[in-house]
Every structure is written in structure tokens, then in C-alpha cells.
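Asker: Before I ask anything, let me first share the structure, which is written out below as C-alpha cells.
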Amino acid sequence: MTAEAARTVVITGASRGIGHATARRFLAEGWRVITCARAEVPPECRRVPNWSTHIVADLFDPASTAHFIDAVNAVLGEEPLHALINNAGVSPKTPYRERLGVLNGSLEGWKQVFELNFFAPLRLARGFASALHRGKGAIVNITSIAGHYVHPFAGSAYSTSKAALSGLTREMAAELAQLGVRVNAVAPGEIRTEMISAEYEALVPRIPLDRMGTPEDVAATVYRLCTDDFAYVTGTEVFVTGGQHLY
């Protein structure tokens, strides 16, 4: 077994989209993968030997998050954790199909967005800090291009929660460096997943590479940030946007 094959990663929101593609990329590279989502992963994934553990958890709920942390730490025992990918996130709509904004939607809805998009990554970083310290590991937070400018379809609650996660990434990097843990972020732009609606096609002319990205585009960047090739990189946010963030 190679040193790479012995490494372990925890990925949240892995049942579909970017999280699922990220899990598959780490599996292809020989890592042991531990995941969570609110749903089960497809049955064929459970037959992959290195996809060792999937836990159904609702990271909107602090108690469920705590249960997930305890379950993973029980699986790890005294083994190291080499990477944590905080991918789970939400961009909800009001009952009238509007995105949560400054003037619409309940404040309770805003709190739920921040619980998943901001506080869950913080809780998980704290909960896995010891295991990551043992592995001299890396954290990658999935932020968003919407955290850096007003996005026509994102909504204020989502955008500000992702901006907060960008700031948290920098603070995590500074504090966790004393544990030997690197912390970076990946900010996707328009990524073609099952959650993308037809209205997003209007944004393609604003993308210099003239296409939407794929979940695999994001997964590749996330994976590389967790490897020794980036051993001296921390506190950085990488834009996977096809150049859209330049405008």
C-alpha cells in the first residue's frame, strides 16, 4: 500500500453534485473516503471498498452534526485524518420561489442558511482538529463566486454566508497552522449540476472560457489542494470559474 493509498478524507454533502464528484476523485486516487449527506449515496458507491463509511446526517441540525463528528472519530480511533472537505451547502428559496434577500424571507431562514454554510464547517473543523493534527492534514471549504460580488441568482443569505466562510477560511488557516493543518477554499462559479436551472445559461457569455464548469473541474482543484504539491499553501481561495470572477 502506498502512502497516498493510506490517506483518509471526510467529505460532506457527498450524495450528488460537487461533493459526489469530489468523493469519486479521491477514490480514484486511492484515498479512503468517509462521507455524509442527508441522503444515502447510490448503491454502487457502497460497493467501492475504499468508500468505507457513509453516514446520513443533517448538518442543518447541530445535534446531527455532533453525532456525525462522534461517529467519524469512532471510526478513526487514533488514526489520522488527512483532509476535510466542507462541501455541504444550501441556497434556499422562499415559499414564493424567491431567493432569500435582505427584504424578503424570514430571518429564521437566514439562520438556517448560516447554520449549514458557515457554522457546520466551523463545528466540523473543531470536531476533527485532533485527527487532522495527527495527519498534518488539510481543510478545503467550498465557498462561491457569489461571496465576492452580487450574483443575479444567488440571493443575499447564500452570498453573505459564503463571504463569511471565505473570511473564516483565513482565520482557520492562521489558527490551525499551529496544529500543522492547512486551510484553503475553492470558490466555484457556474457549475453544471442537477441543481442548475435554465436561467443560468444567460451567464455563459460572461465566462471567458465560454462554458459552465463541471463538478469534476471543482473536484480536481479540491483534490490537489489536499496533496503535498500544495504543502506550502494555506489561507488561499482558488476561483474555479472559467475566468468569470475577473469581471
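The values are calculated or read from the model by the stated rules, or taken from the named source; none is laboratory data. Quantities reported herein were computed from a predicted structural model and do not represent experimental measurements. For neighbour counting, all protein chains shown are included, and Cβ atoms are generated from backbone atoms with ideal geometry for every residue, glycine included.
Asker: Report the residue count in region 129-145 for those that are under 19 Å from D228 (Cβ atoms), out of contact with any helix residue (DSSP H, G or I) (no Cβ under 6 Å at 6 or more places or on another chain), assigned to a helix (DSSP H, G or I) and among the small types (G, A, S).
Answerer: Qualifying residue count, region 129-145: 1.
Asker: Let me ask you something else. Report yes if some residue within region 43-56 is under 21 Å from D217 (Cα atoms) and surrounded by fewer than 16 Cβ atoms within 10 Å (Cβ to Cβ); otherwise report no.
Answerer: No, that holds for no residue.
Asker: Does region 205-224 contain at least one residue that is in contact (Cβ under 8 Å) with a residue 40 or more places away in the chain, acidic (D, E) and not in a helix (DSSP H, G or I)?
Answerer: no
Asker: Among (1) under 24 Å from Y247 (Cβ atoms); (2) out of contact with any Ser or Thr (no Cβ under 9 Å at 6 or more places or on another chain); (3) small (G, A, S), there is one condition A146 misses while meeting the rest; what is its number?
Answerer: Failed condition: (2).
Asker: Here's a follow-up. How many residues does region 31-83 contain that are in contact (Cβ under 8 Å) with a residue 60 or more places away in the chain and in a strand (DSSP E or B)?
Answerer: Going through region 31-83 one residue at a time, the tally reaches 1.
Asker: Of the residues that make up region 200-219, is at least one surrounded by 18 or more Cβ atoms within 10 Å (Cβ to Cβ), more than 18 Å from I145 (Cβ to Cβ) and at pLDDT 95 or above?
Answerer: no
Asker: So in region 166-198, with the set limited to residues that are among the β-branched types (V, I, T) and closer than 21 Å to V90 by Cα, which one is farthest from the chain's Cα centre (by Cα)? Please lay out each step first, then the result.
Answerer: From region 166-198, those among the β-branched types (V, I, T) are 169, 181, 183, 186, 191, 193, 196; that's our starting set.
Going one step further and asking which of them are closer than 21 Å to V90 by Cα, we end up with 169, 186, 191, 193, 196.
Working: T169: 12, V186: 8, I191: 14, T193: 15, I196: 17 Å.
Looking at residues that are among the β-branched types (V, I, T) and closer than 21 Å to V90 by Cα, I get I196.
Asker: What are the residues in region 129-154 that are over 25 Å from L81 (Cβ atoms), over 16 Å from the mean Cα position of the chain (by Cα) and surrounded by 19 or more Cβ atoms within 10 Å (Cβ to Cβ), if any?
Answerer: Matches in region 129-154: H151, A154.
Asker: Does A163 satisfy being closer than 29 Å to F128 by Cβ, in a strand (DSSP E or B) and either in contact (Cβ under 8 Å) with a residue 40 or more places away in the chain or not hydroxyl-bearing (S, T, Y) (or both)? If you could, list the steps in order and put the result at the bottom.
Answerer: Working: closer than 29 Å to F128 by Cβ: yes; in a strand (DSSP E or B): no; either in contact (Cβ under 8 Å) with a residue 40 or more places away in the chain or not hydroxyl-bearing (S, T, Y) (or both): yes.
So A163 does not fit the description; no.
Asker: Follow-up question, since we're still on this one. Do you know which residues across region 150-161 are in contact with a Phe, Trp or Tyr (Cβ under 9 Å, 6 or more places away or on another chain), of a type outside the set (A, V, I, L, M, F, W, C) and closer than 17 Å to Q244 by Cα?
Answerer: H151, S159
Asker: Based on this model, can you work out whether A129 counts as within 21 Å of G235 (Cβ to Cβ) and touching a strand residue (DSSP E or B) at 6+ places or on another chain (Cβ under 9 Å)?
Answerer: no
Asker: Continuing with this model, one more query. Identify, please: which residue in region 99-128 is outside any helix (DSSP H, G or I) and over 11 Å from A157 (Cβ atoms) and is, among those, nearest to the chain's Cα centre (by Cα)?
Answerer: F128
Asker: How many residues does region 152-180 hold that are of a type in the set (V, I, T) and over 23 Å from E199 (Cα atoms)? Full working, then the answer.
Answerer: Taking region 152-180 as the starting set, the residues that turn out to be of a type in the set (V, I, T) are 160, 169.
Retained after the next criterion (residues that are over 23 Å from E199 (Cα atoms)): 169.
So the answer is 1.
Asker: What pairs can you find where one residue is in region 15-26 and closer than 13 Å to D217 by Cα and part of a helix (DSSP H, G or I), the other is of a type in the set (S, T, N, Q) and at pLDDT below 95, and their Cβ atoms are less than 6 Å apart, with a gap of 6+ or different chains?
Answerer: Listed by first residue and then by second, the contacts come to G17/T193.
Asker: Across region 203-224, which residue is nearest to T236 (Cα to Cα) among those that are touching a strand residue (DSSP E or B) at 6+ places or on another chain (Cβ under 8 Å) and not hydroxyl-bearing (S, T, Y)?
Answerer: Among those that are touching a strand residue (DSSP E or B) at 6+ places or on another chain (Cβ under 8 Å) and not hydroxyl-bearing (S, T, Y), it is V222.
Asker: Is it the case that region 176-194 has a residue that's surrounded by 15 or more Cβ atoms within 10 Å (Cβ to Cβ), part of a helix (DSSP H, G or I) and out of contact with any helix residue (DSSP H, G or I) (no Cβ under 9 Å at 6 or more places or on another chain)?
Answerer: Scanning region 176-194 turns up no residue that is surrounded by 15 or more Cβ atoms within 10 Å (Cβ to Cβ), part of a helix (DSSP H, G or I) and out of contact with any helix residue (DSSP H, G or I) (no Cβ under 9 Å at 6 or more places or on another chain).
Asker: Which one is surrounded by the most Cβ atoms within 10 Å (Cβ to Cβ) among residues in region 57-83 that are in contact with a Lys or Arg (Cβ under 9 Å, 6 or more places away or on another chain) and over 28 Å from F118 (Cβ atoms)?
Answerer: E79
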